[in-house]
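Read-outs throughout are calculated quantities, based only on the coordinates presented, and are distinct from any laboratory measurement. Source: prediction; values computed, not measured. Because the Cβ atoms are built from the backbone with ideal geometry, glycine has one as well, and the counts that use them run over all protein chains shown.
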Amino acid sequence: MNPLFSRLRTQASPAPVRRLARLLDQADAVVVGAGSGLSTSAGFVYGGDRFQRYFSDFGAKYGFQDMYTGGFFPFPTPEEHWAYWSRMVWVNRYQDAPKPVYQTLRDLLVDKDHFILTTNVDHCFQKAGFDKKRLFYTQGDYGLFQCSAPCCQETWDNRDAVQAMLAQQKDLAIPTDLLPRCPRCGRPLTMNLRSDDTFVQDEGWYQAADRYAAFLRRHERGRVLYLELGVGYNTPGIIKYPFWQRALQNPQATYVCLNAGQAAAPQAIAGQSLCLDGDIGETLSAVQAIPRRKEA
């Protein structure tokens, strides 16, 4: 086994938030890697009471008990599929998150040179006021349609279509004439979410990828803080493993992992790491409460 990934260590609670505050103050640049745990901390929970509030009718009819499972459910008709997905998109993309976790993160980074890489598709960063040019959504966006074929490398905003589906759905189905069709070829549209090799990486996706790569090149050395927030092990090759590797390659860098139950770092960068196990929003709020000062 690669020794970089063979042994992990998690720092015990209570979390040393003062050290994290100092690291933020001292950093020349901050690279944020955000996973689903960040949105969970902000209240975008896919099960439990929130599922019952928005999807109890779907759960009763089809038997699933969380939104994630519903996203993969083989609905009998496209009209039922889009009744579910229009509601799914509305509550997780166009509504605001219940808790201001993203706003707290924005305030902590406001004076720092930063860039954000995220696998989240809920648009929470931009809704919280982050600069779009400092964001790279690698896995898509709940707010975009793409051709199901796909016949082209284009995406389309879906807010108006989703609103119409919500307004006109009845008995857990939408009218057939509201089924979304590709404006180029007429095939069914689908969500712009990475699930297989049909995922569309449009012009905006490539521009964001280029900006992220340029940011990393500018900050290969120096006091770079790799701040990982709520990233699990479903797709560790996108954020987690690259952050570990970049920290290993830069002795001045620090890797920070905030996560509930999965805060860990490899032994190879243990001396450059800080792992805080707990609710991300509570940790960020605790950091925000500490008086900030610049340190040389």
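Some observations on this one:
- Under the simplified labelling scheme, the CYS151-GLN65 pair shows an inter-label distance of 4.3 nm, with each label point 7 Å from Cα along Cα→Cβ.
- Additional length obtainable on full extension of the chain from GLN26 to ASP96, 0.36 nm per residue less Cα span: 22.0 nm
- Note, ³J(HN,Hα) from phi for the range 150-167, Karplus 6.51, -1.76, 1.60, rounded to Hz, x at Gly and Pro: x, 8, 7, 9, 10, 10, 9, 4, 10, 4, 4, 5, 5, 4, 5, 4, 5, 5
- Taking only alpha carbon atoms, the range 156-296 gives an Rg to Rh ratio of 1.12, where Rh is the Kirkwood radius.
- Of the three principal axes defined by the Cα atoms of the chain, the extents in descending order read 62, 41, 39 Å.
- Rg/Rh, computed from the Cα trace of the range 24-174 with Rh as the Kirkwood radius, has the value 1.02.
- Centre-to-centre separation between the Cα atoms of the range 207-286 and those of the range 162-206: 34 Å.
- Simple spin-label estimate for ARG19 and LYS133 gives 3.6 nm between the two label positions (7 Å along the Cα-to-Cβ direction from each Cα).
- Set of lysines near LYS240 by C-alpha distance (under 24 Å), chain-local residues within fewer than 8 positions excluded: LYS112, LYS132, LYS133
- The smallest convex shape that holds all Cα atoms of the range 103-191, its convex hull, gives 122 Å³ per residue.
- Loop-resident sites, the range 221-254, for chymotrypsin sites (Phe, Trp or Tyr not before Pro), counting at most 15 other Cβ within 10 Å (DSSP): TYR233
- With eigenvalues of the C-alpha gyration tensor scaled by 5 and rooted, the range 160-214, Å: 31, 13, 11
- Here the chain is treated with +1 on each Lys and Arg Cβ and -1 on each Asp and Glu Cβ, and its dipole about the Cα centre works out to around 980 debye.
- Full-extension gain in nm, GLN252 to ALA289, via 0.36 nm per residue minus C-alpha separation: 10.7 nm
- Residue list for the range 167-188, given a label point 7 angstrom along the Cα-to-Cβ vector of THR77 and an amide N cut-off under 13 Å: 169-179
- Given 13 as the ceiling on other Cβ atoms within 10 Å, longest exposed-site-free region of the chain for GluC sites (Glu not before Pro) in DSSP loops: 1-219
- The modelled label-to-label distance between GLN52 and ARG221, using points 7 Å beyond Cα along the C-beta direction, is 5.8 nm.
- Residue with peak Gaussian network fluctuation, the chain [Cα springs, cutoff 10 Å], from THR190, THR119, THR77: THR77
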